[in-house]
Amino acid sequence: MAIKINLDVEMAKQKKGLTELAGEVDITLANLSILKNNRAKAVRLSTLNAICKALHCQPGDILEYVEEIEKEDHEWNL
């Protein structure tokens, strides 16, 4: 995935646990865990807004673009 979610880093900076942040953001613990563990396929802007408000950060502090490495055209078949 080209977008990395660094929610765990921001949570550690603010010393907030999953349960506390889930309550502040009004999101289920399971869904917040999916975001924290970088397994989410999408995030609503309203959720991102609530997370940024609770953590006093910017969206760019949580979301990061990471260049994907493309496989070479000529792979060896052994």
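Numerical summary
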| read-out | value |
| --- | --- |
| In the chain, lysine pairs with alpha-carbon atoms under 30 angstrom apart (chain gap of 8 or more, or interchain) | 20 |
| Average Cα contact separation per residue, the chain, under 8 Å, 6 or more apart, as relative contact order % | 49 percent |
| Lys, Arg +1 and Asp, Glu -1 on Cβ, resulting dipole of the chain about Cα centre, debye, nearest 20 | 540 debye |
| Residue list for the stretch 1-44, given a label point 7 angstrom along the Cα-to-Cβ vector of Y65 and an amide N cut-off under 14 Å | 2-4 |
| Accessible surface, the chain, averaged per residue in Å² (probe 1.4 Å) | 78 Å² |
| Stokes-Einstein translational diffusion, the chain - Kirkwood Rh over all Cα pairs, 0.890 mPa s, 25 °C, in µm²/s | 179 µm²/s |
| Summed residue charge, Cβ within 13 Å of L18's Cβ, Lys/Arg positive, Asp/Glu negative | -1 |
| Most mobile of A12, A40, A22 in a GNM of the chain (Cα contacts under 10 Å) | A12 |
| Trypsin sites (Lys or Arg not before Pro) within the stretch 1-32, DSSP loop, no more than 12 other Cβ atoms inside 10 Å | K15 |
| Under-5 Å amide H pairs with L63, H placed in peptide plane, nonlocal only | N6 |
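The values are calculated or read from the model by the stated rules, or taken from the named source; none is laboratory data. Small disclaimer: the values here were computed from a predicted structure and weren't measured. Every residue, glycine as well, gets a Cβ built from its backbone with ideal geometry; the counts of neighbours run over all protein chains shown. SASA here: full protein model, heavy atoms, side chains in, ligands and nucleic acids out. Shrake-Rupley method; radii C 1.70, N 1.55, O 1.52, S 1.80 Å.
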